[in-house]
Amino acid sequence: MSVQSAAADVDVDLRQLFAGLARNWLRIVLVTLFVTGLAFAFAWLATPQYKAVAKLEIGSRESIFTRPAGTTNDDKPATDEEAVATEVQIISSPDILKKVAADLNLEKLPEFDETLKMSALSRALVLVGLKSDPFDIPPEERVLKAMHDKLNVYGVEKSRVIAVEFSSKDPKLAAQVADAIAQAYLASKGNAKKESNTAATGFLGPEITDLQNRVKEAEAKVAAYRAQSDLLMGGNNSVLATQQLSELSTELSRVRANRAAAEATADSVRKALQNGGSLDSVPEVLSSELIQRLLERQVELRTNIADLSTTLLDNHPRIRALKSQLADLNDQIRNEAQKILKGLATQAQTAKAREDQLVAEVNTLKAASARAGEQQVELDALQRDANAQRQQLESYMASYREAASRADRNYLPVDARLLSKVQVPTEPYFPKIGPITGAAAAASLLLMAIGTLLKELFSGRAMRPAAGARFEPIEQVAMPVARTEPAAAEAEDEQSDDPVADHRIGQGAAMAADAEPAEPVEAEASRSWQSRLGEIDVDKAAEKLIASGAARAIFVSPEGDEAAATAVLVAREVSDAGLRVLLLDLTASGAASRPMLDSGLFPGITNLLASEAQFSDVIHPDLYSDAHVVPVGTADPVRAMRAADRLPIIMQSLTTAYDLVVVECGPADAQGISRLVGDGTEVFLSMLEADDEVTQAAVKLIENGYPDVTLVTPVGHEPGHPLPGRRSAA
């Protein structure tokens, strides 16, 4: 068995395809010339339209000298795309268009009001209801609709420029309307600023008067509260109690430091006197002039004693006198130190008393400062309210003066200007005879060429067979010697009542008898087979399948694609009998499925074997019966044949879903159909003419395990009438 892709069996013949253009060149040229002539006539007879353009620049017109005080050019946001789009909508608004229409009296022109000069064709369309009656629309709306159709306002890309385009039959009128729309837009912007200034002055005047009264009241409250709370202000903008508390705290710290220093000095002097130590290390003792002189005298006496001790003994009257003087001198120093100690103690006591006094005053000021702090919070709140109202008053007064001055001097710079003056157009923008005629010629030529090529493709004239897979030659099997007499008896018993069949069997026997003498064994086998088998028609084959309840019908067509019609006819006959029938096309060219689908480009068994599709994708309805068909498919046949072992599984699935599965195998042999045979299988051999090829195929099938092969011919079969609504393939 050989399975080929239908898509691989045909190719597009480019030479034949483009030859179709040559065959139909006259029709293509005539249609192209006709369409080109119509386009030329339309462009020549069309009313010329002129377009005028006015350009506006959107941006602030304020100068550095007129800009309000306290503002800079950076304070104004840059004009973005949304702002430009907003201005575009304003320019094309009905208010501006109404003003322009009124100023130029456009309602009196037939171009803007079709009711002034209505053609007979338009009146007829209105009468039959194919066009709305323009008289039902108010005149002002008719003019606005016409202006909207002729107006095009858009923002120039990547700029703050807006273009105002207006088209008309009259070039001067187009320029006038475009310029009038631009001027009306600028005037509306100026009026909007004027209204804004007027509204601002009307709001700010009474508000300023009210704010002045409120500022006076707020400042009076601040002064009254300050006097009532006795919140006197000291240095550094602070309350007097707080400032005094700060000063007393500083003084208290200084007194505490002096007391601590005096106590420490007195303690050191006391320890020196008690321990009999030297007083030279005490700074306060050394700072006394009397002690300094006594210490000098002490040093002098010690020096004299030391000098005399070198020559005199200790009991010498002079040394004893000097030692007595030294002892008196030491007593005097200690007495003076005692006096200093008493002075330091007195100083510490004085500092302690001053400290106590300062502590009492600090406590008093703390309470006063706390009360002042609470009162200061309330005072600050009143002060802030008064300051806020004063700032608002000053801001309102500055804005009022600015708005009033602009209104008095009538200085209202709009945020737009006319960038270029409108020029009267000299050439119409529509129609362009050359481009319109050229485009019509190119389009008609292209469409006619495409239509001709598609017609050639769909008709099949531009398709040619492709090089497909070739079948291996059928292996020749030597036939045994036939038994003539039993075979003849069986042939006589099995003779059909159909004279046509008898004639064909006899014809086949005669052809077999006239075969070359090199194959006497095969000729004998052929005569034996024809004596045992009788051919049946399509109806008898369908009846046999229905009566036997067969699940599979394998058709072998040794004569090629023409004989494959037998399987199609049998499948349709069984389907018309009410059974669920599916035809599986395993021919190389799709000869069985192509007539049932009118195409060979559907997915089929090769796609299923190559795992490119599912059952639901490869099963298609027959266009001429209730049968279903699985075509050859469009997948790579080589890849599909690698999965040929899946055919038994696929056949089992199909026989489960359908009452009968008809398989057209083409010129296959016994080995080729072995994967398709199963329980309830009938094998048929399709025959158009009884020749040696059919005879040999039948013999080989019989000898290779299919003795019940049935010979079927479609010759003389008349298909029944198709069901209503279904095409006929007869």
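Here is how the numbers come out for the structure above:
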{"read-out": "Net dipole in debye of region 546-701 [+1 Lys, Arg Cβ; -1 Asp, Glu Cβ; about Cα centre; nearest 20]", "value": "600"}
{"read-out": "Extended-chain gain in nm, criterion 0.36 nm per residue less alpha-carbon gap, Ala224 and Ile137", "value": "24.0 nm"}
{"read-out": "Spatially proximal lysines relative to Lys540 (Cα-Cα < 25 Å; intrachain offsets below 8 disregarded)", "value": "Lys700"}
{"read-out": "Mean Cβ neighbour count within 10 Å, used as a protection proxy, ranking 156-166, 624-634, 387-397, 565-575 highest first", "value": "565-575, 624-634, 156-166, 387-397"}
{"read-out": "Over 28 Å between alpha carbons, listed pairs Lys55/Lys117; Lys271/Lys323; Lys55/Lys98", "value": "Lys55/Lys117"}
{"read-out": "Label-to-label distance, nm, for residues given as Val128 and Glu107 (7 Å Cα→Cβ offset)", "value": "3.3"}
{"read-out": "Dipole of region 298-393 [Lys/Arg +1, Asp/Glu -1 at C-beta], most positive-end residue of His316, Gln389, Leu379", "value": "His316"}
{"read-out": "Debye equation applied to the C-alpha atoms of region 534-618, log10 I(q)/I(0) at 0.14, 0.19 Å⁻¹", "value": "-0.54, -0.94"}
{"read-out": "10 Å-binned pair-distance histogram of region 582-664 (Cα, whole percent)", "value": "20, 57, 22, 1"}
{"read-out": "FRET efficiency estimate (nearest 0.05) - Cβ-Cβ, Val29 to Thr426, R0 35 angstrom", "value": "0.40"}
{"read-out": "Violating pairs (Cα-Cα greater than 26 angstrom) within the set Lys51/Lys108; Lys145/Lys194; Lys131/Lys172; Lys108/Lys193", "value": "Lys145/Lys194; Lys131/Lys172; Lys108/Lys193"}
{"read-out": "Estimated translational D of region 350-396 in µm²/s (Stokes, Kirkwood radius over Cα pairs; 10 °C; 1.306 mPa s)", "value": "117"}
{"read-out": "For region 585-730: span of alpha carbons on each principal axis (Å, largest first)", "value": "41, 38, 27"}
{"read-out": "Qualifying trypsin sites (Lys or Arg not before Pro) in region 613-656, DSSP loop, other Cβ atoms within 10 Å at most 16", "value": "Arg642"}
{"read-out": "Heavy atoms of Ser60: accessible area, 1.4 Å probe, square angstrom to 10", "value": "40"}
{"read-out": "Thr201 - accessible surface, heavy atoms, 1.4 Å probe, Å² rounded to 10", "value": "40"}
{"read-out": "Cα Rg, Dmax (largest Cα-Cα span) when computed across region 292-347, Å", "value": "14.6, 50"}
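The values are calculated or read from the model by the stated rules, or taken from the named source; none is laboratory data. Everything quoted here is computed from the prediction, not taken from an experiment. Virtual Cβ from ideal backbone geometry, glycine too; neighbours counted across all protein chains shown. For the accessible areas, the whole protein counts, side chains as well, though only heavy atoms, and no ligand, DNA or RNA atoms are used. Shrake-Rupley method; radii C 1.70, N 1.55, O 1.52, S 1.80 Å.
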